[in-house]
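Engineer: Could you have a look at this structure, given as structure tokens, before my questions?
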Amino acid sequence: MLDLLITNAALPDGRTGMAVAVQDAKIVEVAAGLHAQAAETIDAGGQLLTPPFCDPHFHMDATLSYGLPRVNESGTLLEGIAVWGELKPQLKADDMVQRALAYCDWAVARGLLAIRSHVDTSDPSLLPVEAMLEVKRRVAPYIDLQLVAFPQDGVLRTAGGEDNLRRALDLGVDVVGGIPHFERTMGEGAASVRLLCEIAAERGKLVDMHCDETDDPLSRHIETLAFECQRLGLQGRVNGSHCTSMHSMDNYYVSKLLPLIAESGVSVIANPLINITLQGRHDTYPKRRGMTRVPELLAAGVNVAFGHDCVMDPWYGMGSADMLEVAHMGLHVAQMTSRKGMLACFDAVTINAARVMHRRLRAGAGLRRQLRAAAGEGPDRGDPAARKPAEGLEEGAAGRADAGRGRRAELAGASRQRRLHDAGAFLTGAATRCEGAAARARAALRRPRNNRTA
Ligand code: FE2
């Protein structure tokens, strides 16, 4: 007998009336009109059933700190970094933990169940690292939180930057970060990419760098990142975040760059909400959008995901953990309004983001058979419409068997949602906005506002 059978679900590829069978926390079959004995059967009522939302680029240590110690009046990246620098000496671990937990409440209420967060390692105390490791432990039953050692002020520009980063990795941080465009010179930026990739290779870590978050078309650290990735055999383990300079680069240079990125297996994360607000700040008119070249990267075969980046912090005073809002902005900025483009934007906040995070694939035997059969029929694996049902659900099966206990269950409330997450799947869209979750999210939204005015 199955553990769970979900019937009458719509899938991201447009199929309706689909059933999903779950056994031992794995999706074992996906079929239309499937009937079988199950410990529990849930009628999805025609709602969308999809892999969980996944945010591959966030700053959990700074979230919900908007207005502390002051508001970023210009709204620029550099003033944001300055405000964060003013706040850092005042940070208390418990406050950071509480803000991050409040954000995780918002996340689960919106079906956001996996987050990669950069954590500032610039200060030798590593206070943000300790705090976020504590958050990671506490949310583990309901959110996969992956941490990146992020030398916000530059690993070479900051005294002791390399040592701090290495100690953060020693403490259990998962990924090596960097910010080459913020080092003192282009040469130092390239040197930081080399150093950080070597550290990752030496320790068997993934790499995720803030790379070329600037409008300067000559900021080309993504090229060095792709080169170092290949030199050190890190293919498939490296990501470039933002890459906004690509928006302004010369077209000829980009025609050479895109195949290099694809060849190296480097993935790219755009952060549409932040890119559209922070880039182009030195422009009059026309004013550049600043987001990296998403459709062109996808066409070149690069895995592209979208991140939220910031919510109510020194860089961005808005946001609500809603990855549909992120995809919506990405779709508009990149003009991806075709059906294929819209599907690609949905992938960018679900399965592509899951790939960046190396979320485990745990398809059940039945689904694996289906995947093999599908492969024998020769679908175009590069076509999102062809690959989504299989790969998407496969990756959706990466959920934890023990998920659904504790805090998330308390928050999400409805056992319907909890049991779906047990299988790694989640009803999103309208279904996640059930009244209870929305009411709790609104209550959570009010709390930090009060804190900010205190
Ligand atoms: Fe970021």
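None of the figures in this text is laboratory data; all of them are computed from the coordinates on show. Just so it is clear, the structure is predicted and the values come from calculations on it, not from any experiment. Neighbour counts are summed over all protein chains in view; Cβ atoms, including those assigned to glycine, are modelled from backbone coordinates with ideal geometry.
Engineer: Please report, in Å, the Rg and the Dmax of the range 1-145, where both are computed over Cα atoms only.
Structural biologist: 20.8, 60
Engineer: While we're here: What percent antiparallel are the DSSP beta bridges of the range 1-111, to the nearest 5? Write down the numbers at each step before the final one.
Structural biologist: Working: 10 of 16 bridges.
The antiparallel fraction comes to roughly 60 percent.
Engineer: Beyond 31 Å, what share of the Cα-Cα pairs of the range 53-356 remains, rounded to the nearest whole percent? Mind dumping the intermediate values first?
Structural biologist: Values: 9406 of 46056 pairs.
The calculated P(r) of the range 53-356 puts 20 percent of pairs beyond 31 Å.
Engineer: Rounded to a whole number of µm²/s, how large is the Stokes-Einstein D of the range 191-316 at 20 °C and 1.002 mPa s, given Rh as the Kirkwood radius over C-alpha pairs?
Structural biologist: Working: Rh = 14.8 Å.
This corresponds to a translational diffusion coefficient of 145 µm²/s.
Engineer: Rounded to the nearest 20 debye, what is the charge dipole size of the range 53-356 about its Cα centre when +1 sits on each Lys and Arg Cβ and -1 on each Asp and Glu Cβ? Walk me through the numbers on the way to the answer.
Structural biologist: Values: 28 positive and 38 negative charges, 129 e Å.
Computed about the Cα centre, the dipole is about 620 debye.
Engineer: Residue by residue through the range 342-357, what is 3J(HN,Hα) from phi via Karplus (6.51 cos²θ - 1.76 cosθ + 1.60, θ = phi - 60°)? Round to whole Hz and write x for glycine and proline.
Structural biologist: With the stated coefficients, the range 342-357 comes to 5, 5, 5, 5, 5, 4, 4, 10, 10, 6, 5, 5, 5, 5, 4, 7 Hz.
Engineer: Taking 1 over the mean of 1/r across every pair of different Cα atoms in the range 137-261, what Kirkwood radius in Å do you get?
Structural biologist: Numbers: mean 1/r = 0.0672 Å⁻¹.
Taking every pair of different Cα atoms in the range 137-261, averaging 1/r and inverting gives 14.9 Å.
Engineer: Going by average Cβ density within 10 Å per residue, which order do the peptides 66-73, 32-39, 101-108 take, highest to lowest?
Structural biologist: 101-108, 66-73, 32-39
Engineer: Also, I was wondering about something else. Given all pairs of different Cα atoms, what value in angstroms does the Kirkwood hydrodynamic radius of the range 297-344 take?
Structural biologist: On the way: mean 1/r = 0.0836 Å⁻¹.
When all Cα pairs of the range 297-344 are included, the Kirkwood radius is 12.0 Å.
Engineer: Treating cross-link reach as a plain straight distance, find the lysines whose alpha-carbon is under 28 Å from the alpha-carbon of residue 92, omitting any fewer than eight places away in the same chain.
Structural biologist: Candidates past the 8-residue exclusion: 136.
Engineer: Could you pull out every one of the lysines with an alpha carbon less than 16 Å from that of residue 340, ignoring same-chain neighbours closer than 8 positions?
Structural biologist: Candidates past the 8-residue exclusion: 388.
Engineer: I need the Debye-formula profile for the range 50-103: one equal scatterer per C-alpha, no solvent, reported as log10 I(q)/I(0) at q = 0.13, 0.16, 0.26, 0.29 1/Å, two decimals.
Structural biologist: So the normalised log intensities work out to -0.38, -0.55, -1.09, -1.21.
Engineer: Mind jotting down the three principal axis lengths of the range 200-244 based on Cα atoms? Whole angstrom, largest first.
Structural biologist: In descending order, the Cα extents are 32, 15, 15 Å.
Engineer: Take each of the peptides 171-183, 47-59, average the number of other beta-carbon atoms within 10 Å over its residues, and list them starting from the highest.
Structural biologist: Numbers: 171-183: 23.8, 47-59: 26.4.
By packing density, highest mean first, the sequence is 47-59, 171-183.
Engineer: Give the shape of the range 183-225 as rounded, prolate or oblate, defined through the alpha-carbon gyration tensor: a ≥ b ≥ c are the square roots of its eigenvalues, a/c under 1.5 means rounded, and otherwise the shape is prolate if a/b is larger than b/c and oblate if not.
Structural biologist: Details: a/c = 2.87, a/b = 1.92, b/c = 1.50.
Prolate is the answer for the range 183-225, as a/c is 1.5 or above and a/b outweighs b/c.
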